[in-house]
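Please read the structure below before turning to the comments.
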Amino acid sequence: MNYEHATDAMPVGMAPAVAEHLSVPSWAGLAYLISGVLFILALRGLSSPTSSRRGNRFGMIGMLIAVVTTLILHGTGLIEIAIAIAIGGAIGFVTAKRIAMTDMPQLVAAFHSLVGMAAVLVAVAAYLNPAAFGILDPATGEILRVSRIEMGLGVAIGAITFSGSVIAFLKLNGNMGGKPIMLPGRHVINIGLLAAILGLVAYFLTDQSPTVFFVITALSFVIGFLLIIPIGGADMPVVVSMLNSYSGWAAAAMGFTLHNSAMIITGALVGSSGAILSYIMCKAMNRSFISVIAGGFGGDTASAGGGSAVDRPWKRGSAEDAAFLMKQAEQVIIVPGYGMAVAQAQHALREMGDLLKKEGVKVKYAIHPVAGRMPGHMNVLLAEANVPYDEVFELEDINGEFAQTDVAFVIGANDVTNPAAKTDKTSPIYGMPVLDVEKAKTVLFIKRSMGGVGYAGVDNDVFYMDNTMMLLADAKKMVDDIVKAIAH
Amino acid sequence: MDFISILSIFVLACFIGFYVVWSVTPALHTPLMAVTNAISSVIIVGALIASAAPGSATSKYLGLIAVVFASVNIFGGFAVTERMLAMYKKKERKG
């Protein structure tokens, strides 16, 4: 065994004992497997709200088992580790308790960035101290080749997750405009960077020098940043899901390095979860994943086009008109969108629903898959406002009902109700599944002003229909006024 | 474990993930993201190994920082999921 040959590349002293790598005692292997299974059950629980909390507990137990097992196996430095866990745990716990539900998308993006950074740090630590991770090749004293690939990919995905999530966080949190930022020649730059990263990971096989490793890391940070910069606010549901997926693949890659089944199972679960959510979001917008990633679509507010919006006749209504119409109705379907989240109107909306129910009106909620800034965003906000989940319906379950509905009440949504998606082949949103609000007897449409158009920059014919009444005001104020008017 | 056994676990877990996630009700997609976030912090296993290992001080400190980050996520992710799930209620049965 020629250790001298390795030491110039490796900054650490290594013991010959590393040959026993990969040998985890079988009880520990079993424990990791159990924790992996518990993670599967955690996700399985989410198939229904009734089983979901039990699922979450399974997840916690799984994590506890994984952590305790690792501590028993490598039980030194426990005090520092306990302090680190206490610091992180306290920050996480307090944040989770305090965060407003409307800020969930930002929080999730911030959490993703932490997973990404943790993956990068673990990969760097493994690179600096491969003996500890059991990835040294006893024959050469170098890092095992297969581990180099895994580490290279792990650090790259982790870094992309980190910088991408930081940008997503800044955009969602409003620290950075939601408008896409377009660099000239960005596709060429991105593809070039990606090719360089993959090339370097391959080269890392033959040369494990720090330069190669850290250049991979640095380039990955850069590409994560560049990938998300050109993506507009309204495409954030796809971005957040995609980064969710990446954080999983990063964990899986590190799981390969450590030969740890809990990490591999979790990584695969999270990776596929994010991928499926991205797919669902893309389908709900009738856009290909590639076109979302390519970016440039979906500035936050009325940016492009829409000049013709004010020329056509439309009807304006007051809170009293709306209250009157809804009290007379047999059924009202409420269609919430991102605007409801921005105006924090969910509580007022629930109050309105309660009053209407007292008047004998049937109230339902219709949720478009991409309403809001992350998958399921509207559902959480309505749940927060105590709207029972069995009054909340997905697009395909409720779309047939608009034709038999007296009032469709659109609050803070726009493009997801645009009939042009069904009829106008030239429209940028053509083919996107939409809620058929125009089929209701009356459409009440809350909007801040007639000037702005939705994120897609297209005018909505619903505004100008005979059976539409525009309620121009801040969503929360309008709903509050309607509540007063219903209650007299 | 050799590479092929690990790969087998990975591939099969991807299939499980596919079926399990498709069965998640769309209403719970936000909690799904929060909980997947929490469980992907199982990467803390790697961070703990780095923190506990002798040999490289840098590696140890990087590991400890990673432990902090992963713990934020674990505690924060599970707690916020719990908080959200507690809000989902069925209609109250009233007379």
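The values are calculated or read from the model by the stated rules, or taken from the named source; none is laboratory data. Quantities reported herein were computed from a predicted structural model and do not represent experimental measurements. Positions of Cβ are backbone-derived with ideal geometry, glycine not excepted, and every protein chain shown enters the neighbour counts. The area values use the complete protein model at the heavy-atom level, side chains included, leaving out ligands, DNA and RNA. Shrake-Rupley method; radii C 1.70, N 1.55, O 1.52, S 1.80 Å.
The listed residues are A:Met101, A:Met117, and the only one of them that is of a type in the set (A, V, I, L, M, F, W, C) and within 7 Å of chain B (Cβ to nearest Cβ) turns out to be A:Met117.
Considering the conditions (1) surrounded by fewer than 22 Cβ atoms within 10 Å (Cβ to Cβ); (2) modelled with pLDDT of 90 or more, A:Gly307 is excluded by exactly one of them, (2).
Farther than 30 Å from A:Val239 by Cβ and at the interface with chain B (Cβ under 10 Å from one of its Cβ atoms): does that describe A:Gly88? Here the answer is no, as A:Gly88 does not meet what is asked. For A:Met104, the conditions (1) closer than 30 Å to B:Tyr88 by Cβ; (2) in contact (Cβ under 8 Å) with a residue 40 or more places away in the chain; (3) touching a Phe, Trp or Tyr at 6+ places or on another chain (Cβ under 7 Å); (4) not basic (Lys, Arg) all hold with the exception of (3). Residues of the range A:357-372 that are in contact with a strand residue (DSSP E or B) (Cβ under 6 Å, 6 or more places away or on another chain) and in a loop (DSSP other than H, G, I, E, B): A:Val361 alone. The residues in the range A:64-92 that are assigned to a helix (DSSP H, G or I) and either open to solvent by less than 80 Å² (accessible area, probe 1.4 Å) or of a type in the set (Phe, Trp, Tyr) (or both) can be counted, and the count is 18. May I ask you to verify whether B:Pro54 is touching a strand residue (DSSP E or B) at 6+ places or on another chain (Cβ under 7 Å) and either farther than 23 Å from A:Ala123 by Cα or open to solvent by 20 Å² or more (accessible area, probe 1.4 Å) (or both)? Answer is no for this residue. Scoring A:Met469 on the criteria (1) surrounded by 17 or more Cβ atoms within 10 Å (Cβ to Cβ); (2) part of a loop (DSSP other than H, G, I, E, B); (3) of a type outside the set (Val, Ile, Thr) leaves a single failure, condition (2). Considered as a group, the residues in the range B:71-95 that are in a helix (DSSP H, G or I) and among the hydroxyl-bearing types (Ser, Thr, Tyr) include one that is farthest from A:Phe39 (Cα to Cα), and that residue is B:Ser71.
Per-residue answers, yes or no, for (1) assigned to a helix (DSSP H, G or I); (2) basic (Lys, Arg); (3) at pLDDT below 90; (4) open to solvent by 10 Å² or more (accessible area, probe 1.4 Å):
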| position | (1), (2), (3), (4) |
| --- | --- |
| A:Val108 | yes, no, no, no |
| A:Val115 | yes, no, no, no |
| A:Ala126 | yes, no, no, no |
| A:Ala132 | no, no, yes, yes |
| A:Thr140 | no, no, yes, yes |
| A:Met151 | yes, no, no, no |
| A:Val155 | yes, no, no, no |
| A:Phe162 | yes, no, no, yes |
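The residues listed here are B:Val21, B:Val42, B:Val68; of these, the one that is farther than 20 Å from A:Ala268 by Cβ and assigned to a helix (DSSP H, G or I) is B:Val68.
Can you name every residue in the range A:36-55 that is more than 7 Å from chain B (Cβ to nearest Cβ), open to solvent by less than 30 Å² (accessible area, probe 1.4 Å) and among the hydroxyl-bearing types (Ser, Thr, Tyr)? Passing the criteria: only A:Ser51. Taken together, B:Val67, B:Val42 contain a single residue that is at the interface with chain A (Cβ under 7 Å from one of its Cβ atoms), within 30 Å of A:Met281 (Cβ to Cβ) and open to solvent by less than 30 Å² (accessible area, probe 1.4 Å), which is B:Val42.
Might you let me know whether the range A:56-63 holds any residue that is under 15 Å from B:Val35 (Cβ atoms), outside any loop (DSSP other than H, G, I, E, B), within 7 Å of chain B (Cβ to nearest Cβ) and open to solvent by 40 Å² or more (accessible area, probe 1.4 Å)? Checked against the condition, which is being under 15 Å from B:Val35 (Cβ atoms), outside any loop (DSSP other than H, G, I, E, B), within 7 Å of chain B (Cβ to nearest Cβ) and open to solvent by 40 Å² or more (accessible area, probe 1.4 Å), the range A:56-63 yields at least one hit. Number of residues in the range A:316-332 that are outside any helix (DSSP H, G or I), more than 9 Å from A:Asp406 (Cβ to Cβ) and of a type outside the set (Ser, Thr, Tyr): the value is 2. Contact map, the range B:64-76: first residue modelled with pLDDT of 95 or more, second residue outside any helix (DSSP H, G or I) and surrounded by fewer than 24 Cβ atoms within 10 Å (Cβ to Cβ), Cβ cut-off under 7 Å, separation 6 or more or different chains; the map is empty.
Residue-wise test of (1) within 13 Å of chain B (Cβ to nearest Cβ); (2) in contact with a Cys (Cβ under 6 Å, 6 or more places away or on another chain); (3) buried (at least 23 other Cβ atoms within 10 Å of the Cβ).
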residue: A:Gly192; (1), (2), (3): no, no, no
residue: A:Asp207; (1), (2), (3): no, no, no
residue: A:Phe221; (1), (2), (3): no, no, no
residue: A:Leu227; (1), (2), (3): no, no, yes
residue: A:Ser247; (1), (2), (3): yes, no, yes
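Among the residues of the range A:181-240, those identified as in a helix (DSSP H, G or I), among the polar types (S, T, N, Q) and within 27 Å of A:Glu142 (Cβ to Cβ) are A:Thr211, A:Thr217, A:Ser220. Every condition in (1) more than 7 Å from chain A (Cβ to nearest Cβ); (2) of a type outside the set (A, V, I, L, M); (3) open to solvent by less than 30 Å² (accessible area, probe 1.4 Å) is met by B:Ser8 except one, and the failing one is (3). Take the conditions (1) within 24 Å of the chain's Cα centre (by Cα); (2) within 12 Å of another protein chain (Cβ to nearest Cβ); A:Lys364 misses just one of them, which is (1). Within the range A:395-406, the set of residues being more than 8 Å from A:Ala366 (Cβ to Cβ) and within 14 Å of chain B (Cβ to nearest Cβ) comprises A:Glu396, A:Asp397.
Checking A:Ile276, A:Ile216, A:Ile265, A:Ile231 one by one, the residue that is within 19 Å of A:Ala123 (Cβ to Cβ) and open to solvent by less than 30 Å² (accessible area, probe 1.4 Å) is A:Ile216 and no other.
In the range A:67-74, the condition of being at the interface with chain B (Cβ under 7 Å from one of its Cβ atoms) and within 19 Å of B:Asn37 (Cβ to Cβ) is met by at least one residue.
Checking the structure you have, find out if any residue of the range A:170-183 is closer than 30 Å to A:Pro105 by Cβ, of a type outside the set (Asp, Glu) and surrounded by 23 or more Cβ atoms within 10 Å (Cβ to Cβ). Checking the range A:170-183: at least one residue is closer than 30 Å to A:Pro105 by Cβ, of a type outside the set (Asp, Glu) and surrounded by 23 or more Cβ atoms within 10 Å (Cβ to Cβ).
Test A:Val462 against the criterion of being in contact (Cβ under 8 Å) with a residue 12 or more places away in the chain, part of a loop (DSSP other than H, G, I, E, B), more than 23 Å from A:His347 (Cβ to Cβ) and within 31 Å of the chain's Cα centre (by Cα), and give yes or no. No, not satisfied.
Taken over the range A:249-273, the criterion of being more than 7 Å from chain B (Cβ to nearest Cβ) and touching an Asp or Glu at 6+ places or on another chain (Cβ under 8 Å) is satisfied by A:Ala253, A:Thr257.
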